[in-house]
1. Filtering region 272-303 down to residues that are in contact with a Leu (Cβ under 9 Å, 6 or more places away or on another chain), surrounded by fewer than 20 Cβ atoms within 10 Å (Cβ to Cβ) and assigned to a helix (DSSP H, G or I), which residue is modelled with the lowest pLDDT?
2. Just the residues that are outside any helix (DSSP H, G or I) and either within 27 Å of Gly305 (Cα to Cα) or out of contact with any helix residue (DSSP H, G or I) (no Cβ under 8 Å at 6 or more places or on another chain) (or both), please, taken from region 350-370.
3. Just give me the residues in region 216-235 being touching a Ser or Thr at 6+ places or on another chain (Cβ under 6 Å) and either more than 14 Å from the ligand (Cβ to nearest atom) or under 15 Å from Ala132 (Cβ atoms) (or both), in sequence order.
4. Surrounded by fewer than 20 Cβ atoms within 10 Å (Cβ to Cβ) and either of a type outside the set (Lys, Arg) or under 20 Å from Val104 (Cα atoms) (or both) - does that describe any residue in region 261-271?
5. Pairs only if they're at least six apart or on different chains, beta carbon under 8 angstrom, first in region 254-279 and over 16 Å from Val337 (Cα atoms), second part of a helix (DSSP H, G or I) and near the ligand (Cβ under 9 Å from one of its atoms); list them, first residue then second.
6. Could you please give the count of residues in region 345-358 that are surrounded by 21 or more Cβ atoms within 10 Å (Cβ to Cβ) and touching an Asp or Glu at 6+ places or on another chain (Cβ under 9 Å)?
7. Would you mind telling me which numbered condition in (1) aromatic (Phe, Trp, Tyr); (2) surrounded by fewer than 21 Cβ atoms within 10 Å (Cβ to Cβ); (3) within 12 Å of the ligand (Cβ to nearest atom) Tyr238 fails?
8. Just checking: which of the helices (runs of 4 or more DSSP H) contained wholly in region 123-231 hold 2 or more residues that are in contact (Cβ under 8 Å) with a residue 24 or more places away in the chain and touching a Phe, Trp or Tyr at 6+ places or on another chain (Cβ under 7 Å)?
Amino acid sequence: MVRVVLLISMLIVSSIACMVSEESVTNHAGSSTTPSLLTNASLAVELTPVLVTPQSTEVPLIVKPTIPTPTPEIKAVPEEAKPTAVQKEVKTVSAPASPSWGEVITGTPPVYAAMDIDQSTIDLATKWYNVATDAWGNYGPTEIYIIGTDIEAARQIEDEFCDRHKKLDSGWKTEWDCANANYPLFTRYAKEGSAGVSTYNRDYLNYYFTTVSLSTQRPSPDEEDYKVVTMHEYFHVYQHAHISDTDVNGDKTGRENKSGGEGKPWFAEGTAEFFAQLLYSRQPGVRANYLEEIMTRKYTSSINGYLAYDKGLKDLSYADPVACSWGYECWFDTYGVGTWFIAYLVDQVGEETVRVDYYKDLDELGFEASFVKHFQKSSDEMVRDFDVFLSGGLNEALKILP
Ligand SMILES: [Zn+2]
């Protein structure tokens, strides 16, 4: 059933693949990660009509994305706001008045929580979000949404999101950017659980930002995974902060290519999951064998199936086995294999080279050129070497973990 829905959704958005990072992640016990079937942005794209080409021949058919210009309507800068249970309205702050994509911000982004979320969940999410930003740098503008299981409460958050951004941005398009029956922006998290990141770097917007959506199901705040998922999602914010491409007429190709390929989760998910797990493993009080335990689980649930599959890592899409949850048959977990790929890459070239240096050059050089520059091999060669490495078995694989 889920696969059917997934395939249908893939068909609907066949011309414009889903954002790599606009997914959902880890399910119970951290053994696998789960892509959202219908992503915020992909749905937004579905609903986005093709813009009418200007009649004048002097106007280029595709307008180059412009640096977002602050408008008088922009009064608030979310990163200045303090997290509260429910922020009914955006607070007005003085400066900076010009939020730009991927800038380093200070403080915790605003947290917008549904009415059925208690303060302890807000505190937990905020704590682990901050662990991630302390380690990797704090990028924004970002808004954090915490959704419970009450659908009406999630709907209220959707309405507030819509109203807030209408006021904030004269370019905001209610019919495309606000939730509706076909675009369950936050209610989907109340229904399905999971977590995801959405980017609002679109040609018609003046105010670019990302959202981090966290639910209280799959995982729940009681689970250890909740902490890791929060950091995993923040790593997607970090990734996107290093990609300046603007969606033009709903086309996300530039952003997706820099993420590892259109609709290809291997690199973006591998980095998010590996660095989140690694960072978590280093936190005070976390058991010494945590990383080995998690990586063993990912190996045993994925590697044999992956090695026997007829597609290479880079070619795996959301139509292939992505995660071993959601009750459908699965041979392996693309997220898990991607996580092992990044573990291998980190062993080959070093943690900072992957997490910092590669991302610094990504926007200017593009995916492959930054890959070759920093990792000294093409991505195809690296994947081939990785496959050979995997065939050495679990015990050999575990030796490379930091
Ligand atoms: Zn992810």
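1. Ranking the candidates gives Thr300 first.
2. Gly350
3. Pro221, Asp225, Val229
4. Yes, because at least one residue in region 261-271 is surrounded by fewer than 20 Cβ atoms within 10 Å (Cβ to Cβ) and either of a type outside the set (Lys, Arg) or under 20 Å from Val104 (Cα atoms) (or both).
5. Going by the 8 Å Cβ cut-off, the qualifying pairs are Ser259/Ala268.
6. 0
7. Tallying (1) aromatic (Phe, Trp, Tyr); (2) surrounded by fewer than 21 Cβ atoms within 10 Å (Cβ to Cβ); (3) within 12 Å of the ligand (Cβ to nearest atom), Tyr238 fails exactly one: (2).
8. 151-168
The values are calculated or read from the model by the stated rules, or taken from the named source; none is laboratory data. Bear in mind the structure is a predicted one, so any value in this text is a computation, not a measurement. Backbone-built Cβ (ideal geometry, glycine too); neighbour counts: all protein chains shown.
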